[in-house]
Amino acid sequence: MSMYICHFTCNPSRWPVDRKGQVEVWKSMVKDADMLVEGEGPVKFTGWINNTEGYALIEGASKVEIIELCARFWPYFHNEILEIVPTHEAGDAILAGAKEGWEST
């Protein structure tokens, strides 16, 4: 399984304009997010960096699977999803690429 980081950002233009509607959307989104984090599901962590954006760590077999999971929060939030490569895998690739760069300069 691969690990992904999702940077989610509130899309205020899609939220209701009335305060009651905004509160209802917020409660719904938080409830859905809480349900995803509980237990042994794919979402391993969620956190906020300010009042309109945050991050989630999500484990999945493919980026397509993660896109489908994150799409449930559309159109109220939009997402940037990046795969995280473990250091023990990325380290060798980074070193090999750096060596190629050093040799060509």
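The values are calculated or read from the model by the stated rules, or taken from the named source; none is laboratory data. The structure presented is a predicted model; accordingly, all values stated were derived computationally and were not measured. Cβ sites come from the backbone with ideal geometry, for glycine too, and all protein chains shown count toward neighbours. When the accessible area is computed, the model is the full protein with side chains, heavy atoms only, and any ligands, DNA or RNA have been set aside. Shrake-Rupley method; radii C 1.70, N 1.55, O 1.52, S 1.80 Å.
The C-alpha atoms of the chain define a longest principal axis, and helix 19-37 lies at about 40 degrees to it. Excluding same-chain neighbours fewer than eight residues apart, the lysines reachable from Lys27 by a Cα-Cα span under 26 Å are Lys44. Computed from these coordinates, which is Kirkwood radius over Cα pairs in Å: (1) 15.7; (2) 14.3; (3) 13.6? Recomputing Kirkwood radius over Cα pairs in Å here gives the entry labelled (1). Our helix-only sum for the chain, with -39,500 (n - 2.57) per DSSP H run of n ≥ 4 divided by its residues, gives a mean residue ellipticity at 222 nm of -14000 deg cm²/dmol. Using the average count of surrounding beta-carbon atoms within 10 Å as a protection proxy, the listed peptides 95-105, 60-70, 10-20 rank, highest first, as 60-70, 10-20, 95-105. Per atom type, the chain shows carbon and sulfur on 58% of its accessible surface, probed at 1.4 Å.
Only Lys, Arg, Asp and Glu carry charge here, each on its Cβ (+1 for the first two, -1 for the last two); on that basis the chain has a dipole of about 580 debye about its Cα centre. Considering only His7, Leu95, Phe73, and ranking their Cα positions along the charge dipole of the chain that arises from unit charges at the beta-carbon of Lys, Arg, Asp and Glu, the one farthest toward the positive end is Phe73.
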